[in-house]
Amino acid sequence: MPKAAAFKSSSDEPRRRKESPAASRRVPYSIDMEQALLGAIILEGGAETMAICVQERVRPECFYNVRHQLIYKAMFGLYEKQDPIDEITLSDRLRKDGNFEDAGGDAYLVELSNRIDTHAHLPYYIQRVRDTYLLREVIRLSNEAIEGAYDETQDVDSFLEKTEQNIFSISETRIVDSAQPLEKSIDDAVQLVNNMIQNKGEITGVTTGFADLDKMTTGWHEGEMIVVAARPSMGKTSIALNMIEPAICGRPGREPVGALMFSLEMPSEQLAMRLLCSRARVNMTKLRDGFVPKEKQQDIVRAAQELKNSPLMIDDSSGLNILELRAKARRVASQMKGKLGLIAVDYIQLVAGTDSRIPREQQIAEISRGMKGMAKELRVPVIVLAQLNREAEKEKRQPRISDLRESGSIEQDADVVLLLSKPRDYNEEEDMAAEAVARDLIVAKQRNGPIGTVPLYFIKHLTRFENSQRHSA
């Protein structure tokens, strides 16, 4: 290992490149952002972070510091071979490439690995590194254009065309390919039509857990953002768990799908208790008092075994912002190796904004867009729980989409909006006394299907929603 004095400290400014005609000007770069980006890749291990870097077209030349170029090149080599990325594997790769000492040696790799504590802000690091690289490219090509413009002997038309091509090449590297020929979209659409004809209205997506809702939606589909909104204590968390349960446990003829639930309000053990008692059909109140018959104890053991083997992951971190939440979802999707089929977030108003200085309505709009973006990026349905305001209660009416709290952007971004409420003929005294009470699940918006009302029953002692027998028989 080279001595620390053999290379400059990370805070030292690297050698200036001759990219600016004015020697006194500093070309755009950020050593801190480059270190943070490389540190994030080392911290995560490369599986997820390098995939994002490749998608965003981060190349070695995007880094200003030569050492960082060599390190990223080594990271890319490891990623191509699907090898893990850490200080040891990087050190070995750099030695094989003959760039170990030029990259700063083991000491600098350790320094990079300790640079940050989380890779949640990776998208920001990538953006800053790429932005400064593009600015440097503009400076370089502009200098070439200026020098070329003084040559009066050249063909002006050819010179202008070359200059235009150079500028276009910068713009081209800034845009990630997402457009595709209509031919591909038509093929996908034809396949979808064939599936609809073959299934004849059967479930084509992830089951919702409710027969009548499945008939209206044919299940939850990839890329969809499904909003389930209600007033407090109406059972938002319960209905989300009821939708997750059949997905992770499977049904006859349908394999289980992996699910991820972000619970920003309730600890994971409480969610697990609810899921367990609901699956085993055990009275939670009696369980807390210790009065559970032997046959029900056996049901608990059976349900526990089923749920232990199910592909559900729960993240009960509080105070997450949308960037952190999406980064966590990407990591889980990578761990499940394509088997993640459903994400639930409880609930959107508890997700923190990335900038606390802007109005909360704008923060919710950013979060809502992020939720929809996550659904499209990971190609899974995302169930987002949300709170309704008090307007429906004040006006003694059924809730409407406009009652969503804090932002109308939730309505715009959602593919499906479900409003959970009490029926119009609700009787408070009867509701208080009954073990099972009627509830309406209003399909207030559905981009690709009908709207209407799905009647359900809420079994209080099980904290479980079930199909209304009179409609689903």
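Derivation of every value follows stated rules applied to the coordinates shown; laboratory data play no part. All values reported here derive from a predicted model rather than from experimental measurement. We place every Cβ from the backbone using ideal geometry, glycine too, and count neighbours over all the protein chains shown.
Computing FRET efficiency as 1/(1 + (r/R0)^6) for R447 and Q127, where r is the C-beta to C-beta distance and R0 is 25 Å, gives about 0.25. In the range 316-473, one over the average inverse separation of all distinct C-alpha pairs is 17.6 Å, which is the Kirkwood hydrodynamic radius.
Which of the pairs K328/K422; K394/K445; K215/K422 have their Cα atoms more than 31 Å apart in this structure?
Where the Cα-Cα span goes over 31 Å, the pairs concerned are K328/K422.
Given points 7 Å out from each Cα along the Cα-Cβ axis, report the D92 to E430 separation in nanometres with one decimal. A separation of 7.1 nm, rounded to one decimal place.
Rounded to two decimals, the Cα radius of gyration of the range 201-472 over 2.2 N^0.38 Å is 0.98.
When the range 234-368 is described by a simple charge dipole with +1 on each Lys and Arg Cβ and -1 on each Asp and Glu Cβ, the residue from A259, L323, Q363 located farthest towards its positive end is A259.
Among the listed pairs K396/K460; K236/K339; K81/K308, those with a Cα-Cα distance over 31 Å are K81/K308.
Report the extension gain between K294 and A107 in nm, rounded to one decimal, defined as 0.36 nm multiplied by the number of residues separating them, less their alpha carbon distance.
So the chain would gain 61.2 nm between K294 and A107.
Near V332, once Lys and Arg are set to +1 and Asp and Glu to -1 for all other residues with Cβ below 12 Å from its Cβ, the sum equals +4. Counting only the backbone N, which residues of the range 109-130 are under 14 Å from the spot 7 Å out from the Cα of D83 toward its beta-carbon? No residues fall inside that zone.
Computed from backbone phi with θ = phi - 60° and the Karplus coefficients 6.51, -1.76 and 1.60, the 3J(HN,Hα) list for the range 126-135 is 4, 4, 5, 5, 5, 4, 5, 5, 5, 5 Hz; x is used for glycine and proline. In the range 232-259, which residues have a backbone nitrogen under 18 Å from the label point lying 7 Å from N309's Cα in the Cα-to-Cβ direction? Under 18 Å, as judged by backbone N against the label point of N309, lie 245-259 of the range 232-259.
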